Structures are given as C-alpha cells and as structure tokens.
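Participant: Quick one: the structure is below, and I'll ask about it shortly.
Since every read-out is calculated from the coordinates, none of them should be taken as a lab result. Just so it is clear, the model here is predicted, and its values are computed rather than measured. Here the Cβ positions follow ideal geometry from the backbone for every residue, glycine too, while neighbour counts run over all protein chains shown.
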Amino acid sequence: MKIKNTKDFEDFCSDIGVNHIFAKTTSNKMFNPELGQLTQENIITPKAKSKRLEILRKKILGLNCNLKKSATNMVLASGDPNSRIMIIGEAPGSEEDRTGLPFVGPAGMLLNQMLSSISLSREYDCYITNLIFWRPPGNRTPNKHEIEICLPLVKEHIEIIDPKLIILLGNVAIKSLLDTNKGVTEIRKEENFYCNKEKKITCYAMYHPAFLLRNGNMKKGAWIDLCKVFKWINENN
C-alpha cells in the first residue's frame, strides 16, 4: 500500500507544536551493553549471541507458516543486536518483503525520524524486528494462527537479544507480547513489563508509524511516548 504525504522530521515536530529537539546528532556510545549493574554470569557475549541468532534464523525458516508461500523474503531484524533497546513492530510490508529488512518503507522513514528526535540511531542504538517474519498478502493484519506460529520464536528472539527496554509498535505486537486485550490508545498510558522467564523488562507501547502516517493528529501522543523513552535513557545510562 502506497502512503501519500509522508513528512520529514521538521514537519513531524511542527505538526505537534515542538520547536526543538533533544539533539541534532546521534551517538553510537549511548548504549554500551557493558554499562550498568551487570555481572559476568549474565552477560551474553556478542559471539554467542551471533551464533544463537543464526540458529534462530534457521528455526524461523523451518516454520510451517502459510505466509512463506506468498512472501519474497523472510524479514528478521536490523540494527545492533547488542543494543539495550529492542523495537518490535507488526509485520513486514512490501518494501520490507523486497529487501528482507524491517521498517525500510514510508513507516520506517518516520520511525527513523522519531528515533532521531531523541538522539537514537537505528543502526547503533536499537535492534528492530517484527512479530511476524513474513509479509501478509495485501498488508492485511496477521491472523491468530499466524501469530501463534511466530510468537514462540519471537519470545526466543527477545531472550537472545536480552534488551533492557522493549518498544512495542501497534496493537498486534502489544496484545501478543503483553497478553492483553487493551489497545494501544489505552495501554500506552500505563506502566508495562514483558516477563521473560525470571526477567521483567520495561515496555513502552506506542502507535505504529504506519498508523501515524494515516492519522497525523495522533503524532502529539507519539511525541509524549518518545519523551518517556528519552527519560528512561537518561535514568538508565
């Protein structure tokens, strides 16, 4: 689906009445995984993580999912797997299906601008993926069966990356990973956690960038959510 009238970052800020940003440049030093109260026992080395991700990729390719028949590529992730922030969206779109990378279409462009507004780089400061690994035909919403097939490996994906913060974009990711019937408009105002075995990971529920492109009046709410993420960054450096 082609989305018209995509806005650049300045338009995004001016639309919601913001006349300044937190920083004009991004830093690849902000999210050093060695910072914080970590012990040698709970650190997953980059080499071990890379090996586990390759095993995960093979598991995903072996899934018996009907979406594989119509998709061009399996879309796993992009960004730094050693980042403290993991972003999880819904499913690949047409551009993502073509390139094999998440969030590279118009919604991805807006996501880049949103991250930049709080001094985050998608290449260095975040790890980005989706709940569904293949594009649903016509960009339709994934059905319950497709979600159930992918969800166990999404949870394994989270375990491997071991993020300190998860950003969930859109209702499908929010409802599936937080096990709730609440929609993004309601749950984004609450304190949320993703529980993975013995770990409780802070989660921020946010509007999906594709939704914001269609509903520009909701961008102010997105800015409020970004400010919460920025506050978390400052408090957890």
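Participant: Listing His208, His145, His157 from the residue with the fewest other Cβ atoms within 10 Å to the one with the most, what is the order?
Facilitator: His145, His208, His157
Participant: So, counting K/R as plus one and D/E as minus one, what does the shell of residues with Cβ under 10 Å around Phe103 add up to?
Facilitator: Its environment carries a net charge of -1.
Participant: What does the charge add up to near Gly79, with Lys and Arg as +1, Asp and Glu as -1, over the other residues with Cβ less than 11 Å from its Cβ?
Facilitator: -2
Participant: I'd like the Karplus ³J(HN,Hα) series for the range 89-100: coefficients 6.51, -1.76, 1.60, θ = phi - 60°, whole numbers in Hz, and an x wherever there's a Gly or Pro.
Facilitator: x, 8, 7, x, x, 5, 5, 5, 5, 6, 8, x
Participant: Here's another thing I want to ask about it. Per Stokes-Einstein, at 10 °C and 1.306 mPa s, what whole-number D in µm² s⁻¹ belongs to the range 46-235, with the Kirkwood radius over Cα pairs as the hydrodynamic radius?
Facilitator: Estimated via Stokes-Einstein, D reaches 96 µm²/s.
Participant: Still on this structure, please answer the following. Rank by packing, highest mean first: peptides 198-205, 186-193, 100-107, with packing defined as the count of other Cβ atoms within 10 Å averaged across residues.
Facilitator: Per-residue Cβ counts within 10 Å, averaged per peptide and sorted highest first, yield 100-107, 198-205, 186-193.
Participant: For the range 130-237, divide the Cα radius of gyration by the Kirkwood radius and give the resulting Rg/Rh value with two decimals.
Facilitator: 0.96
Participant: Cα-Cα over 21 Å: which of Lys199/Lys219; Lys58/Lys200; Lys68/Lys164; Lys175/Lys220; Lys144/Lys175; Lys199/Lys220?
Facilitator: In this structure, Lys199/Lys219; Lys58/Lys200; Lys68/Lys164; Lys175/Lys220; Lys199/Lys220 exceed 21 Å between Cα atoms.
Participant: What is the distance in Å between the Cα centres of the range 71-131 and the range 164-199?
Facilitator: 18 Å
Participant: A further question on this structure: Of Cys150, Leu226, Cys126, which is farthest on the positive side of the dipole of the range 118-237, counting Cα position, with +1 on Lys and Arg Cβ, -1 on Asp and Glu Cβ, and the Cα centre as origin?
Facilitator: Leu226
Participant: Cβ under 14 Å from Glu186's Cβ, Glu186 left aside: what net charge do those residues give with Lys, Arg +1 and Asp, Glu -1?
Facilitator: Net of charged neighbours comes to +1.
Participant: Under a point-charge model restricted to the Cβ atoms of Lys and Arg (+1) and Asp and Glu (-1), what is the dipole moment magnitude of the range 46-235 relative to its Cα centre, in debye to the nearest 20?
Facilitator: That gives a dipole near 200 debye.
Participant: Residues with amide H under 5 Å of Tyr204's amide H, sequence separation 5 or more or different chain, H placed in the peptide plane at 1.01 Å from N; which?
Facilitator: Residues meeting the amide H criterion: Ile166, Ile167, Leu168.
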